[in-house]
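For reference, the structure discussed in these notes is given below.
The values are calculated or read from the model by the stated rules, or taken from the named source; none is laboratory data. Since we're looking at a predicted model, the values are computed, not measured. Because the Cβ atoms are built from the backbone with ideal geometry, glycine has one as well, and the counts that use them run over all protein chains shown. These area figures cover heavy atoms from the full protein model, side chains too; ligands, DNA and RNA do not enter into them. Shrake-Rupley method; radii C 1.70, N 1.55, O 1.52, S 1.80 Å.
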Amino acid sequence: MGLHRLGSVTIGVPNVAETAAYYADFGLTTRADGWFATRDGGDQLRLVAAPTRRLVELRVGVDDPDDLGRVAANLRRLGVPVEADARTLTAYEQTTGVRAVLQVEPRVAQPEVPPTPYNGPGRIERAGTRAPGILRADPVRPRKLGHAVLGTTDFAATTAFFRDGLGFRTSDLIGDVGIFLRCSTDHHNLLVLAAPVAFLHHTSWQVDDVDDVGRGASAMLDGHPERHVWGLGRHHAGSNFFWYLKDPAGNFAEYYSDMDAVPDDQLWTPETLEGAKGLFNWGPPPPPSFLHPDDLAALMTGAHSR
Ligand SMILES: [Fe+2]
């Protein structure tokens, strides 16, 4: 497929400096030009000033200029205006106002991290030593941006934009209110969710393994218990371990590891998940504020007065 990676997200927040300090704590590397970088993915987060928190832009890497031509035709068929040159294509998703930018860029092969040794029944992978997960002293630094979750008041239109227009593939569905979409070999790079207001639910950041999900979240909560949202658990869709935290603007940020991979579209059969499976497989019960963030009502008011 022509799409090969989720390049970056730009998030609008009312409190840029405070939120920037949070993402530095989260383990992203602060650049002089306002971008935040991951270890393997380069510049993947930008914060900009906005009256209320929102997803401003999503960048996607594509293989070659032909891919842009095909996407432009698909978007125009949906009635979406498109701006394009030889290397980039820009279009706005009408309901959420999210700017999608497709850019021709080379594929990045992520360096392979050696598997973490875990002992199991009849299986000693780690003889005579304590677990790496408790010996690591370095702060957790995410490997790459994994996905964003976008609430929309027009589920069908937003889904059509990303799936039928941009060419994201369907990995799984949550009833008729959620769709897990991918633009890479990850199970999902974007989840579109029906919601009473357009908003950014969360971004998600890959770490090495479940120990680093736990270590990263524990470090974030040290002195900041208010950052905790939900975790540790394992999702059903995508299978990934998760722990959700909250930035000072109200956006959730997830550490994840061990997500399903779909290197070949033929290998994956999308399922429609019903009930709790749409949300998770195991873990503590999700707090009500995970499904309906505390500031949704305020965001709705903000949306009306804009
Ligand atoms: Fe997630």
It is to be established whether one or more residues within region 185-205 are in a helix (DSSP H, G or I) and at pLDDT 95 or above. no
Testing P248 on (1) touching a helix residue (DSSP H, G or I) at 6+ places or on another chain (Cβ under 7 Å); (2) assigned to a strand (DSSP E or B), one condition comes back false. Which one is that? (2)
Against the conditions (1) among the β-branched types (V, I, T); (2) in contact with a Gly (Cβ under 9 Å, 6 or more places away or on another chain); (3) closer than 24 Å to V48 by Cα; (4) in a strand (DSSP E or B), where does V229 fall short? Just the number, please. (2)
Residue hits (region 244-271; β-branched (V, I, T) and surrounded by 13 or more Cβ atoms within 10 Å (Cβ to Cβ)) are V262
Can you tell me which residues in region 144-159 are touching a Phe, Trp or Tyr at 6+ places or on another chain (Cβ under 8 Å) and either more than 15 Å from the ligand (Cβ to nearest atom) or open to solvent by 30 Å² or more (accessible area, probe 1.4 Å) (or both)? K144
Selection from region 160-171 of residues open to solvent by 10 Å² or more (accessible area, probe 1.4 Å) and either within 16 Å of the ligand (Cβ to nearest atom) or more than 24 Å from G41 (Cβ to Cβ) (or both) yields A160, D164
Please work out if V207 is away from the ligand (no atom under 11 Å from the Cβ) and crowded, with 21+ Cβ neighbours inside 10 Å. yes
Of (1) open to solvent by 10 Å² or more (accessible area, probe 1.4 Å); (2) assigned to a loop (DSSP other than H, G, I, E, B), G238 fails just (1)
What pairs come out if I take residues in region 111-124 that are over 15 Å from D212 (Cβ atoms) and pair them with residues that are in a loop (DSSP other than H, G, I, E, B) and open to solvent by 80 Å² or more (accessible area, probe 1.4 Å) whose C-beta lies under 7 Å away, six or more apart or interchain? N119/E125
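Residues checked against (1) open to solvent by less than 30 Å² (accessible area, probe 1.4 Å); (2) at pLDDT 95 or above; (3) not basic (K, R):
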position: E83; (1), (2), (3): no, yes, yes
position: E93; (1), (2), (3): yes, yes, yes
position: G122; (1), (2), (3): no, yes, yes
position: R130; (1), (2), (3): no, yes, no
